[in-house]
1. Any chance you could count the Lys pairs in the chain whose alpha carbons are under 28 Å apart, treating pairs 8 or more apart or on different chains as valid?
2. Given the C-alpha centroids of region 88-126 and region 24-65, what is the distance between them in whole angstrom?
3. Assuming R0 = 35 Å, what is the FRET efficiency of D3 and V105, from their Cβ-Cβ distance, to the nearest 0.05?
4. Rounded to the nearest 500 deg cm²/dmol, what is the calculated helix-only ellipticity per residue at 222 nm for the chain, with -39500 (n - 2.57) per DSSP H run of length n ≥ 4?
5. Modelled label-to-label distance, K116 and T69, 7 Å Cα→beta-carbon offset: nm?
6. For region 16-67, what is the Kirkwood hydrodynamic radius in Å, using each pair of distinct C-alpha atoms?
7. Give me the angle, in degrees from 0 to 90, between the Cα long axis of helix 55-68 and the longest principal axis of the Cα atoms of the chain, rounded to the nearest 10.
8. Over all alpha-carbon pairs of the chain, lay out the pair-distance distribution in 10 Å bins, whole %, shortest bin first.
Amino acid sequence: MTDPLTKGMKTRTEVLGEAHVARAKAATTDFDAPFQALITESAWGRVWSDDSITRRERSMLTLALLAATGNFDEIPMHIRATARTGASESDVIQAFLHVAIYAGVPKANHAIKLAKQTFAEMAAGE
């Protein structure tokens, strides 16, 4: 069995793309290397690598949780990941509609704004 760090790096690359992971690795310093190892092993090597639910479903959950908790900085990254996870624009809006009902309209509104902008950038090849 592959260790969680190695498995996590593989999954992280598959979901976020080689360019994103290469930028993250290049920006890693001695200061944040322990954090990068933690998220790669735990989030990517254990949670995202578990096949109990699909990556499409994980994308929808992740986007809803990010919006519901007001962690908007990572929403564009996870919108871009939908191109590799299979979550459609329709899936994303459904996740944000749930956010509106259960966590608040302002949070959903901001998440939708970010998603629209990111989807437009993706369509333009950015």
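1. 4
2. 20 Å
3. That pair, D3 with V105, gives E of 0.20.
4. Mean residue ellipticity, 222 nm, calculated: -22000 deg cm²/dmol.
5. That separation, rounded to one decimal, is 2.7 nm.
6. 12.4 Å
7. Once rounded, the angle reads 70 degrees.
8. In order of increasing distance, the bins hold 13, 41, 34, 11, 0 percent.
Read-outs: derived from the displayed coordinates by stated rules, not from any lab. Please read all numbers here as calculations on a predicted model, not as lab measurements. Cβ: placed from backbone, ideal geometry, glycine included. Neighbour counts: every protein chain shown.
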